[in-house]
1. Contact list please: Cβ distance under 6 Å, first residue in the range 43-65 and closer than 17 Å to Met1 by Cα, second residue among the basic types (Lys, Arg), pairs at least six apart or on different chains.
2. Can you run down the residue pairs with Cβ atoms below 7 Å, 6 or more apart or on separate chains, where the first is in the range 9-36 and within 14 Å of Pro64 (Cβ to Cβ) and the partner is at pLDDT 95 or above and of a type in the set (Val, Ile, Thr)?
3. Identify the single condition in (1) surrounded by 11 or more Cβ atoms within 10 Å (Cβ to Cβ); (2) over 13 Å from the mean Cα position of the chain (by Cα) that Val77 does not satisfy, given that it satisfies every other one.
4. With the requirement that a residue be of a type outside the set (Val, Ile, Thr) and either touching a His at 6+ places or on another chain (Cβ under 9 Å) or assigned to a helix (DSSP H, G or I) (or both), what does the range 1-24 give you?
5. Give the range 34-43 a look and list any residue that's surrounded by fewer than 14 Cβ atoms within 10 Å (Cβ to Cβ) and either in contact with a Ser or Thr (Cβ under 7 Å, 6 or more places away or on another chain) or hydroxyl-bearing (Ser, Thr, Tyr) (or both), or say none.
Amino acid sequence: MQCVFVQIQCKPGKAYEVADEIALHEVHSELYSTSGEFDLLVKIYVPEDKDIGHFLHDTIFKVPGIERTLTTMTFKVF
């Protein structure tokens, strides 16, 4: 499994709706509301046999109310 973090900036007033919709997909390990430039932080484990870009597009990026995302790939756990 490949661990990926996605920060999500939502359209104003849509953070809770976006979080609820992401939770319905049941693909995340953890989902947090955050302060600062982004509204949500999602930790996702993408199966090795899945293309990360397609997986994120099909499960997260097409959720209504998302304005912008920042995806961080991980390499090694210390």
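1. Qualifying pairs under 6 Å: none.
2. Qualifying pairs under 7 Å: Cys10/Val18; Cys10/Ile66; Val18/Ile8; Val18/Val63; Val18/Ile66; Glu21/Val63; Ile22/Val42; Ile22/Val63.
3. With (1) surrounded by 11 or more Cβ atoms within 10 Å (Cβ to Cβ); (2) over 13 Å from the mean Cα position of the chain (by Cα) applied to Val77, the lone miss is (1).
4. Answer for the range 1-24, where residues must be of a type outside the set (Val, Ile, Thr) and either touching a His at 6+ places or on another chain (Cβ under 9 Å) or assigned to a helix (DSSP H, G or I) (or both): Ala15, Tyr16, Glu17, Ala19, Asp20, Glu21, Ala23, Leu24.
5. Thr34, Ser35
The values are calculated or read from the model by the stated rules, or taken from the named source; none is laboratory data. Since the structure is predicted, the reported quantities are computational estimates derived from the model, not experimental observations. Note that we place each Cβ from the backbone using ideal geometry, even for glycine, and neighbour counts take in every protein chain shown.
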